[in-house]
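> Handing you this structure, nothing more for now.
No value in this document is a laboratory result; all are computed from the given coordinates. Model, not experiment: these values are computed from the prediction. Note that each Cβ is placed from the backbone with ideal geometry, even for glycine, and that neighbours are counted across all protein chains shown.
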Amino acid sequence: MVVFTGIVLVSAWGSSRIKVNNYLLEDLPKNDPLKQGFVWFEERFGGVRPFEMQIAVEEGRTVWDLDVLRRIERVQHYVDTGYHVSGIISPVTLMCSMNKAFNGGDRSFYRLPDDSMECARMAKRMRLLGKELIGGIVSADGRSARLSGRLVDEGGYIHKRKNAQLDAFIAANVGKVLRMEQTGMAYLIDRNNETLSAQLMRGMGLAVLLTALIMLWFFRDWRMVFVALIPNLVPLVFIAGVMGFVGIDLKVSTAIIFSIAFGIAEDDTIHMLAALRQHLRRGLSPAYALKRTYLRTGKAVTVTSLMLLSGFITLIFSDFASVYYMGVLITLTLAFAFVAELLLLPALVMALVRRK
């Protein structure tokens with residue numbers, strides 16, 4: 001019990017280092033042609049992760065108003081220098097390009113017009129660019145637009161921090177004239193992964209609660225609830241510590257491991273405690289009841305545990321990262337749960353029965 005307590009403390013410290021993180025093509029192996037092409041564009045063309053922002057203007061104004069364009073320009077400058085987005089396209093870039101074109105292509109005119117009248121004239125000339133180009137950036141009524149670009153995929157954990165900083169900058173510098181919100185495929189993938197991971201962990205807590213209630217109804221003793229839960233929660237804390245120390249991120253494919261491992265491990269514990277309960281009701285002493293339980297039910301639990309381990313360990317040969325980590329983590333969790341079943345469970349039972 002002292003050894004397992006030490007393992008729990010060390011693992012709890014390691015689990016504090018786990019990050020909720022994901023990458024767009026993290027599951028593909030490094031030698032995959034698609035992954036290699038992705039990395040090539042990441043290194044040479046400023047990234048391929050899409051960046052999208054929705055721009056909405058208050059009623060009575062359009063994105064072509066000079067004041068609105070200047071507010072968008074402030075955010076665009078921050079997105080360029082602070083968020084490190086490349087290849088930005090927005091109403092500001094269209095207006096700057098139009099201003100440059102109508103001033104002989106002079107690079108010094110790649111900026112917003114100096115006055116509102118000139119800006120309005122440039123906005124009327126936007127139709128020269130064609131509806132296909134303008135329609136993909138600014139709506140027909142001019143009240144909504146998009147700001148798009150691309151950047152290096154640094155992972156959902158880093159982008160979440162950047163998003164918070166960007167939202168704070170927009171709130172401080174844009175005002176109520178504009179509403180600018182991030183959207184797009186990459187942003188939604190990060191949000192989905194974060195939400196699903198959190199929900200899976202909450203579902204894990206619900207599973208523990210329901211299991212505790214069932215064990216309380218079955219044994220009519222809250223101490224047996226702790227005996228049933230502790231040997232199966234310790235392996236989960238252990239694997240969380242392993243993830244933290246090794247640097248395995250928490251995402252959908254790894255968060256689901258805890259629920260799978262807990263359900264399988266708890267099944268063996270219920271079999272062991274049910275058999276122990278029958279032997280105790282026959283009048284056997286606690287030590288002898290444990291011996292009979294492990295010689296009969298323990299053999300079956302050992303065989304089923306080895307069969308489960310042999311099944312999940314085959315997943316480590318997968319080139320798909322999510323499948324590989326699922327095989328490694330579930331195998332480690334079940335193996336540790338089996339050890340806890342053999343060593344920790346009887347110690348807890350004897351401590352509880354002596355007190356009783």
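> At 7 Å along the Cα-to-beta-carbon direction for both K30 and A321, put a label point, then send me their distance in nm to one decimal.
1.2 nm
> On to the next question. Taking the alpha-carbon distance from K124 and a cut-off under 24 Å, which lysines remain once sequence neighbours fewer than 8 residues away in the same chain are dropped?
K100
> Follow-up question, since we're still on this one. Tell me the relative contact order for the chain as a rounded percent, counting alpha carbon contacts under 8 Å between residues six or more apart.
Taking the mean separation of contacting Cα pairs over the length of the chain, I get 26 percent.
> Could you work out the mean projected area of the convex hull around the alpha carbons of region 193-337, in square nanometres to one decimal?
If you wrap the Cα atoms of region 193-337 in a convex hull and average its projections, you get 9.2 nm².
> Multiply the residue separation of M350 and I214 by 0.36 nm, subtract the distance between their alpha-carbon atoms, and state the gained length in nm to one decimal.
Residue separation times 0.36 nm, minus the Cα-Cα distance, leaves 46.8 nm.
> Rounded to the nearest 5, what is the percent of antiparallel bridges among the DSSP beta bridges in the chain?
95 percent
> DSSP loop trypsin sites (Lys or Arg not before Pro) in region 102-171 with at most 15 other Cβ atoms within 10 Å of their Cβ, which ones?
Answer by residue number: R111.
> Still on this structure, please answer the following. Reported to two decimal places, what Rg/Rh ratio describes region 33-183 when computed on Cα atoms with Rh from the Kirkwood expression?
The Rg/Rh ratio comes out at 0.99.
> So which trypsin sites (Lys or Arg not before Pro) in region 1-88 end up in coil per DSSP with only 10 or fewer other C-beta atoms within 10 Å?
Answer in residue order: K30.
> What is the dipole size for the chain, taken about its Cα centre, with +1 at each Lys and Arg Cβ and -1 at each Asp and Glu Cβ, in debye to the nearest 20?
Approximately 1320 debye in magnitude.
> Now for a separate question. Tell me, in nm to one decimal, what length is gained between V339 and E52 on full extension, where the rule is 0.36 nm per residue of separation less the Cα-Cα distance?
98.3 nm
> Something else now. For helix 66-81, report the angle its Cα long axis makes with the longest principal axis of the Cα atoms of the chain; keep it between 0 and 90° and round to the nearest 10°.
Relative to the chain, helix 66-81 is tipped by roughly 50 degrees.
> Give a residue-ordered list of calculated ³J(HN,Hα) values for region 187-196 (Karplus: 6.51 cos²θ - 1.76 cosθ + 1.60, θ = phi - 60°; whole Hz; x for Gly, Pro).
These are the phi-based 3J(HN,Hα) values: 5, 5, 4, 4, 5, 5, 5, 5, 5, 5 Hz.
> Here's a follow-up. For labels at M307 and F226 in the simple 7 Å Cα→Cβ model, what's the distance in nm?
The modelled label-to-label distance comes out at 3.5 nm.
> Moving to a separate point now. Taking region 28-62, which chymotrypsin sites (Phe, Trp or Tyr not before Pro) meet the DSSP loop condition and have no more than 13 other C-beta atoms within 10 Å?
Passing sites in region 28-62 are F45.
> Another question, if that's okay. What ranking do 294-303, 88-97 get when scored by the average of other Cβ atoms within 10 Å per residue, highest first?
88-97, 294-303
> On to the next question. Would you mind ranking I170, I230 by Cβ crowding within 10 Å, fewest neighbours first?
Ordered by Cβ neighbours within 10 Å, fewest first: I230, I170.
> While we're on this one: Which residues make up the longest stretch of the chain that has no GluC sites (Glu not before Pro) in a DSSP loop with at most 14 other Cβ atoms within 10 Å?
Longest stretch, sites excluded: 60-356.
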